[in-house]
Every structure is written in structure tokens, then in C-alpha cells.
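Peer 1: Once you've had a glance at the structure underneath, I'll fire off some questions.
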Amino acid sequence: MTAALELRSVSKVYGDGPTEVQALREVNLSVEAGALVAVMGPSGSGKSTLLTIAGSLEDATTGEVLVGGLTLSGMSRNDRARLRRRAIGYVFQDFNLLAGLTAVENVALPLELDGVAARTAQAAGMEALEQLGLSDQGSRFPDQLSGGERQRVAIARAVVGDRRLLLADEPSGALDSVNGEAVMRLMRAACRRGVAGVVVTHDAQLASWADRVVFLRDGRVVDQTAPPLGPESLLEPSPSQ
Amino acid sequence: MTVSEAVREHAAEPADELEVGTGDGGAPARRAITRWAWRLFRREWRQQLLVLALLTLAVAATTIGVAIASNTLSPVDATMGTANHRVTIPGSDPNLSAHIAAIQKMFGPTEVVAHQPIAVAGSVATVDLRDQDPKGVYGHATVRLAAGRYPNGADEVAVAPPVAATFSLHIGNVWHQGGRDRRVVGLVENPQNLLDEFALVAPGQAIPPNEVSILLNTTDARFRAFHLGDVALSVEARSYAGQTAAATAVLALGTIGLLFVGLVAVAGFTVMAQRRLRAMGMLGAIGATDRHIRLVMLANGAVVGALAAIVGTVVGLLGWIAFIPHLEGLAGHRIDWFHLPWWAIAMAMLLAFLTAVAAAWWPARSAARIPIVAALSGRPPRPQPAHRFAAAGSALLLVGLSLLAFAHQKRPPLIVTGIVAITLGLLFLAPLGIAGLAVFARRAPIAVRLALRDLARYQARSGAAVAAVTLAIGIAATVAVSASAAEAEAVPTAGNLPTNQLLVYLAGPGPVGGGARCPNRRRRNSRSSRPASINSRPCSTPRTWPPWMRR
Ligand SMILES: Nc1ncnc2c1ncn2[C@@H]1O[C@H](COP(=O)(O)OP(=O)(O)OP(=O)(O)O)[C@@H](O)[C@H]1O
Ligand SMILES: [Mg+2]
């Protein structure tokens, strides 16, 4: 089975000459469908860069990125846009929702951009919101939602339709621990339905929701381990136990 | 089938391998983007108030301008009504009835109006005693009852206000004129010429007619093919050229105004695009194509343009209607508010709409080009190297200036094209100027330094603003220079006498140059296409005083 996301010797260099920054060095990473991977590392270690390259928002300087078996290099801008609205869901630390659109319209937007009629798309959006326990918030605008609710709506938008890859850059960075846990629980649930997830976090407690933790330092992967037993291990017996 | 299944079916992808087609979402995507742009406009219209107001003002001013321009000129012949030809036959023609019958047979519906002049004591002007059907096919537009009723019998008359004033007549008075007594039963006016001095009598009462005019509608070619023996016909054909030319000139001015507004709009929309940068980055991150991102700004421009076009036209029309009573007094004829060059107003609306969309196009294009990651972090696009556009800018500037030079202040198409070229040239040259200014920033005090750096950092909007300011100054300078040039060239010809008065200078002894200079001056007058009536006035210069004025 092809991996939902695969990075092969990916490097990224910003700038040139004296201002050159090597943000990623020879990074290899593979994420299977249904797996949730956490990325940790000090500030400036290249976590966000890894995510933007994996999500086709930026090009790698060298190396290859495959999403669902498709190589990103050589893909036209339009094809990448189409890939993003069909296969890749993004959640950022803040500023995820478009002002002026209600929660359900925000969730339905990727589908509408893909040509799904507004009514069908919004019904799908409502379904996604219901799954995340936000059925009451559908008609509210982003500025009428709390920070936690906004992040949950963003997750609903990232998984609506038939997304295979969920990329989240510190999704709980601006939330308290309760809301942070809620966000991670939702991501975990999405992965259980077959989505591959990559989440950047500074919080070891939240990272423990993942199947695997990747440590970055100075743009290099320095360690990939199973996380310490986290809260979720208390809820369900893992196969190794 | 659940909704998810429907969506999945729509996506029509095999479960494992991804397939990425090339579609861009079609109409549903465009609808979604337009809906979002409309919502954003509703939230942020206050920030676009300047652009909206300027565009609205430009459309309103153009609407009022073309309305005034096309209504101020009196109809070419105010007694022609809705006919396009008028044939006048002298009343002395022995075969008058036969000739009228021949014309009626040839041209179908015609209207016959008989005229008899009435002398006014102490004046060279006469009053036209007119026998005309007030409900005539063509002439009805030239007669309006202001008070009383139309004359019926042989001894009744209705007079126009100037006639009533001259002869101190009121309804009910008896008017002794030309050896006849007629009772004044009404006040009439010629809506197309309020100064028309005429008196209306019942059909067949202007006998014997001095002349008979026949109003008809036909083509010039058909009329030329028509011959009527050796009778001395006088033929007039209506021309709309003057009105159309005036409306066109105003429209050209409006276009130049819109150009200026367009530059301000570019700056305004650029600021707007920069404020929306992160949202557009987000849109890109969730899969919008470049075209979708451009559409956000273009839809905004279209909304602004459409709104300004509609509101501007409504405001312009209301202003026009409010101004009509004043204008009627100035123009000397009644004005129908609906009688407007609608094509010119439609053009002004379309131009305003296109200006707004075109102004939004540049920011839309640059917004779509910003890398998504840069947009998400709110970084403005890196300024383009200034010298890249400088060559194109200089070339456009040169082309524009030469077009203006060739136009000799007379050919609107050349003038408008020239100004468009100059504006674009300035737009392209502005970054160089800004870059030049930024060089001084290092040594400037902190406030100036910040301002200059900001100017250079947000090149798109500062470039547009600089070009707008330059264009405004340029237009003002051009108007001032060409006005003073025209004034220097013009010769004081006409005084301020009304049309029916003459000023006669008696040449005294000594070298009075008036006569000698006249021919020369006439030539210059006709070249500068002034109204021919000026030529009928005596030439005068401030130095040729009449003898009784000389000391
Ligand atoms: N557009 C850019 N231009 C130049 N350098 C950049 C750019 N984006 C990131 N970098 C550099 O690349 C390196 C990695 O940045 P990145 O944002 O991936 O770090 P991060 O691990 O996400 O940090 P944080 O935890 O603070 O978010 C940093 O040194 C950063 O300065
Ligand atoms: Mg980061």
C-alpha cells in the first residue's frame, strides 16, 4: 500500500549567500494512512517548513515529496491546488477560518472550490461539524466562536470530503490544555477513520496522542520513536499490551 | 446515499491511488468565491468609501455633464418640431397650393404652417403671426399652452410671453394690430425656444401668408431627388451633430476623470488586498487556484464599480432634474428631463465599472502571485526592481506627450489616448521615483525615514498614488497652460450685446484701424471655428474709440 505522505531526502534552503538558511536537511519521512505522527523540536528547527513542503505550499530545494503516491515536483500550480482541496487538510495555529463565511460555509469551501454544488457541499460540511460536536455552531461567523471552537471547525474543514492527509501546525498552540486535548482527540479520531495525520507540537503531553514522534534539530531528523504512553493508552489497550 | 458518499462519488477517485485532474471547480467554485467577496465587501465597504465616492462622483458629474451639454444647445431650428426637413415657399408663389399638394404627395404626412410678420414699432424685429395646428404631427413639440386656451375663431389669438410683454397684453385684452382686432385668449410658448416671438392664430387666419413652411420627415437623398419647377424653395435639414459632439466631448472629459479615479482605486484596492493577504493565503492553502484568488479582488472591484455606476447615475439624474429649472432660463428653451444622450450615460456607467475592475486587476494579479506561505504570514510581495519598468514607462510617456502635441487641443480621441499613455507611463515610472526617494531615507530624520521606507516597501500602492497625484497636477497644468495659450491667441471679437442689437462705430478723422484690420480678423475667427454670428458683428478693438470718446 502506498504511504499517504512520503518525503525522500528533502532539503530546503532559504535565501542565498550570507543570508542562506538551511531549514531542512535530507529529511526522510513516511506516514501511512491511519497513522498520526507528531513532530517536535526547538524553535527554528524546521517543523513548519516540513509541513508546508509536505502540503505542497512550498517547493523542496532538493528531494522528493509524494502525496498519495503522486510526486509533487513537476506538478502545475493548478494541479497542486486541486490536490490540496481534494487530499490535503491544513490546520494552523491561528487564523484558520475566513471571516465573512459561517462555520459551515468555511467547512464546505474546499468542496465548493472543487465544483461540488453549494447545497451538497454545505450538507457535507454540516455532517463534518456534527461529527466534531459542533452542530449548533454551523451558522455562526468565526468572530462569534471561541478559540477552541474555531480550531475544531478548522479540523472539520481539514477532513471534510475525502481528505487523506491532515497537516496541523501547532493546532493547540493558542488553546488551554483542555481545548488542546480536545483538538488532539479529534485528530486521533480522524486518523482512526483512515486519514494520515502530521501534527507539529511543542507539548510532549499532546505528542503522546500520536503513534510516532519525529524529532527535528537544525533541519535534521534526529530521532523517531513511539511516544511515551499517553492519555489515550489509558482509554484503549494497545496491541503490545 | 449519505452526503459523504455523494461527495465521494463526485470526487470519483479510486480508494488508494490519487488522481488529480485539471478542473478548477467551475461555476460552484466561482459562486463560492463571489459570495465570499460580496460578504467581505459588506463587512469592509467603509474602507473602500474613498474609491466608491470618487467613482460615484465621476459618474454623477459625467451624467450631469452630458445632460447639460446635449440640452444647452438649442435645437438647430426651434420651429422644426420633430420633423427633420422644412421647406419654405414664399407666399407670393402663384402656384402655392399646387406646390404644397405636390410636396404632400411626394413625402406623405406633412404639416403646413403659414407665417405673417407683424412689425414692432421702434424695432427691426418682427413678431411672427403663425397659423399652425397646435396638435400637428411634427409641430406639436413647438407649441405649448401656458395659460388660457388656443384660438378658435377669426378674431382670436394666443401670444407668446415676449410678445405679451412687448405689447403689454393679458388674456382678455384686445390686440389692435395690422388693422385688425384680435382678442387674446391664451398664452402660448415654444418649448424649444422660449424667446420665440410669435402669436398663434386659428387655422387659415394668417392671410395672406408672407411665407408657408412645410414640415416633413424624409432622407436627404430622397429630398435631393425631388424637384419643384423654378420656385424659390428654401430647405433646412436638421442635424444632431452639435449635440452629439458636445456629449462626446463631455464623455471624453469624464474618461480622463475616471482615469484619475482609477489610479486612486488601484492604490485603494492594493491596500485592501494587503489587508486580505492572510485570508487569501488561507484560501490558497485550502485549494483555491490563482484564478480563484484573482476573482476575490476582481469581484470586489466589480461590486464597487457596479454600485458606483448605479448610485452615480441616480445621483447624477437627480442633480440633473434639480438643475433643469435653472438651465431652462439659461438655455432659453424648455428641457425634457428624459431627453438625454442615454448612450453616453450608459458608456459612463460601463467605463466606471470597467475602471473599477481594471483597477482591481493589478492587485488581484499580484495577490495571486504571492507564494502561499508568504501570504499566510502577511508578507507583502517583494518590490519589483524599479528599472524593469522604467524603459516602458519612458516610452509610454513620450508617446503620450507626442499624441497630445499632435492633438492641438482639438482632437478628443488623440487627447484621451495621450493622457491614458501618459498615465500608464507615470505608473511605470513611479517605482523609479520612489526608489530614488528611498535613497535619501538613510540620512533623513526618523519620521521621514519610516515614511520613505514604507513607500518603497509597498511599491504597488505608492506607485499608483504617486501616478494619481502626478496626473492630477498634470491635468491642472495642461488646463492652465492651454487656457492661457488659447486666451493669448483669441482676439476679443464679440461684446456682450444681445443678438438683436448692433453697435455702430463712426470712424472719425485720423488713422482708425478698424476697417483695415477686419478681414484679417475674420479669417482668424473662422479658423478657430467660432460661431458664424460673431462675423456679423462689427470689429472693434479697445483702441479705436469713437470720436466723442477721444479727448
Ligand atoms: N521565508 C523564509 N525565508 C528565510 N528563512 C526562513 C523562511 N521561513 C523559515 N525560515 C527559516 O527556516 C528555519 C526553519 O523555520 P521554521 O519556521 O520551519 O521553524 P519552526 O521549527 O517551525 O520554528 P517554530 O517552532 O518557532 O515555529 C528558521 O531558521 C527560519 O528562520
Ligand atoms: Mg513553526
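The values are calculated or read from the model by the stated rules, or taken from the named source; none is laboratory data. In this text, all values refer to a predicted model and were calculated from it rather than measured experimentally. Here the Cβ is made from the backbone with ideal geometry for all residues, glycine too, and neighbour counts use every protein chain on show. Areas reflect the complete protein model, heavy atoms only, side chains present, ligands, DNA and RNA absent. Shrake-Rupley method; radii C 1.70, N 1.55, O 1.52, S 1.80 Å.
Peer 1: Can you confirm whether residue B:314 is surrounded by 23 or more Cβ atoms within 10 Å (Cβ to Cβ) and assigned to a helix (DSSP H, G or I)?
Peer 2: So residue B:314 does not fit the description; no.
Conditions tested, residue by residue: (1) among the β-branched types (Val, Ile, Thr); (2) within 14 Å of chain A (Cβ to nearest Cβ); (3) within 26 Å of residue A:14 (Cβ to Cβ).
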residue: B:341; (1), (2), (3): no, no, no
residue: B:347; (1), (2), (3): no, no, no
residue: B:370; (1), (2), (3): yes, yes, yes
residue: B:379; (1), (2), (3): no, yes, yes
residue: B:397; (1), (2), (3): no, no, no
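Peer 1: Let me ask something additional. Quick check on region B:146-197: of everything there that is polar (S, T, N, Q) and under 38 Å from the mean Cα position of the chain (by Cα), which residue is surrounded by the most Cβ atoms within 10 Å (Cβ to Cβ)?
Peer 2: B:190
Peer 1: When you look at residue B:115, is it closer than 28 Å to residue B:223 by Cα, buried (at least 19 other Cβ atoms within 10 Å of the Cβ) and not assigned by TED's automatic domain parsing to the domain that holds residue B:330, yes or no?
Peer 2: yes
Peer 1: Somewhere in region A:21-42, is a residue within 14 Å of chain B (Cβ to nearest Cβ), within 13 Å of ligand 2 (Cβ to nearest atom) and among the small types (Gly, Ala, Ser)?
Peer 2: yes
Peer 1: Against the conditions (1) free of Cβ contacts under 8 Å to residues at least 60 places away in the same chain; (2) more than 14 Å from residue B:61 (Cβ to Cβ), where does residue B:360 fall short? Just the number, please.
Peer 2: Going through the list (1) free of Cβ contacts under 8 Å to residues at least 60 places away in the same chain; (2) more than 14 Å from residue B:61 (Cβ to Cβ), residue B:360 breaks only (1).
Peer 1: Take residue B:338 and tell me if it is within 24 Å of residue B:59 (Cβ to Cβ) and either touching a Lys or Arg at 6+ places or on another chain (Cβ under 7 Å) or buried (at least 20 other Cβ atoms within 10 Å of the Cβ) (or both).
Peer 2: no
Peer 1: Given the criteria within 15 Å of the chain's Cα centre (by Cα) and away from ligand 2 (no atom under 16 Å from the Cβ), does residue A:68 qualify?
Peer 2: Here the answer is yes, as residue A:68 does meet what is asked.
One line per residue, one yes/no per condition, for (1) open to solvent by 60 Å² or more (accessible area, probe 1.4 Å); (2) over 19 Å from the mean Cα position of the chain (by Cα):
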| site | (1), (2) |
| --- | --- |
| B:37 | no, yes |
| B:45 | yes, yes |
| B:48 | no, yes |
| B:56 | no, no |
| B:61 | yes, no |
| B:89 | no, yes |
| B:92 | yes, yes |
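Peer 1: Same structure again: For residue A:94, work out the one condition from (1) within 14 Å of chain B (Cβ to nearest Cβ); (2) open to solvent by less than 30 Å² (accessible area, probe 1.4 Å); (3) within 16 Å of ligand 1 (Cβ to nearest atom); (4) out of contact with any Lys or Arg (no Cβ under 6 Å at 6 or more places or on another chain) it doesn't fulfil.
Peer 2: That leaves (2) as the condition not met.
Peer 1: Any idea which of B:354, B:396, B:327, B:403 is under 32 Å from the mean Cα position of the chain (by Cα) and open to solvent by 60 Å² or more (accessible area, probe 1.4 Å)?
Peer 2: Selected residue: B:354, the only one of B:354, B:396, B:327, B:403 that is under 32 Å from the mean Cα position of the chain (by Cα) and open to solvent by 60 Å² or more (accessible area, probe 1.4 Å).
Peer 1: Counting only residues that are at pLDDT 75 or above and either open to solvent by less than 70 Å² (accessible area, probe 1.4 Å) or under 18 Å from residue B:340 (Cβ atoms) (or both), how many does region B:218-233 have?
Peer 2: Here the count works out to 4.
Peer 1: Can you tell which of A:63, A:69 is more than 10 Å from chain B (Cβ to nearest Cβ), in contact (Cβ under 8 Å) with a residue 12 or more places away in the chain and surrounded by fewer than 22 Cβ atoms within 10 Å (Cβ to Cβ)?
Peer 2: A:63
Peer 1: Next up: Does residue B:282 fit the bill of being in a helix (DSSP H, G or I) and in contact with a strand residue (DSSP E or B) (Cβ under 9 Å, 6 or more places away or on another chain)?
Peer 2: In short, yes.
Peer 1: Consider only pairs whose beta carbons are under 8 Å apart and that are at least six residues apart or on different chains; among these, list those whose first residue lies in region A:206-219 and is within 11 Å of ligand 1 (Cβ to nearest atom) and whose second residue is among the β-branched types (Val, Ile, Thr).
Peer 2: A:216/A:27; A:216/A:39; A:216/A:222; A:219/A:27; A:219/A:49
Peer 1: Follow-up question, since we're still on this one. Quick check: anything in region A:141-153 at negative phi, at the interface with chain B (Cβ under 10 Å from one of its Cβ atoms) and modelled with pLDDT under 90?
Peer 2: no
Peer 1: So, in region B:270-313, exactly how many residues are hydrophobic (A, V, I, L, M, F, W, C) and within 14 Å of another protein chain (Cβ to nearest Cβ)?
Peer 2: Adding up the residues that qualify gives 14.
Peer 1: Follow-up. Which of the residues belonging to region A:187-219 are part of a strand (DSSP E or B), within 16 Å of ligand 2 (Cβ to nearest atom) and open to solvent by 10 Å² or more (accessible area, probe 1.4 Å)?
Peer 2: Of everything in region A:187-219, those that are part of a strand (DSSP E or B), within 16 Å of ligand 2 (Cβ to nearest atom) and open to solvent by 10 Å² or more (accessible area, probe 1.4 Å) turn out to be A:215, A:217.
Peer 1: Kindly state which strands (runs of 3 or more DSSP E) lie completely within region B:165-269 and contain at least 1 residues that are in contact (Cβ under 8 Å) with a residue 60 or more places away in the chain.
Peer 2: Filter on region B:165-269 gives B:180-189, B:198-201, B:211-216, B:234-237.
Peer 1: Okay, next question. For region A:150-177, enumerate the residues that are more than 13 Å from the chain's Cα centre (by Cα) and over 11 Å from residue A:86 (Cα atoms).
Peer 2: Within region A:150-177, A:150, A:153, A:173, A:174, A:175, A:176, A:177 meet the criteria.
Peer 1: Okay, next question. Can you name the number of the only condition in (1) facing chain B (nearest Cβ under 8 Å); (2) modelled with pLDDT under 90 that residue A:132 fails?
Peer 2: Unmet for residue A:132, out of (1) facing chain B (nearest Cβ under 8 Å); (2) modelled with pLDDT under 90: (1).
Peer 1: For a quick check of your reading: which strands (runs of 3 or more DSSP E) sit entirely within region A:21-76 and have at least 2 residues that are away from ligand 1 (no atom under 16 Å from the Cβ) and of a type in the set (S, T, N, Q)?
Peer 2: It comes to A:21-31.
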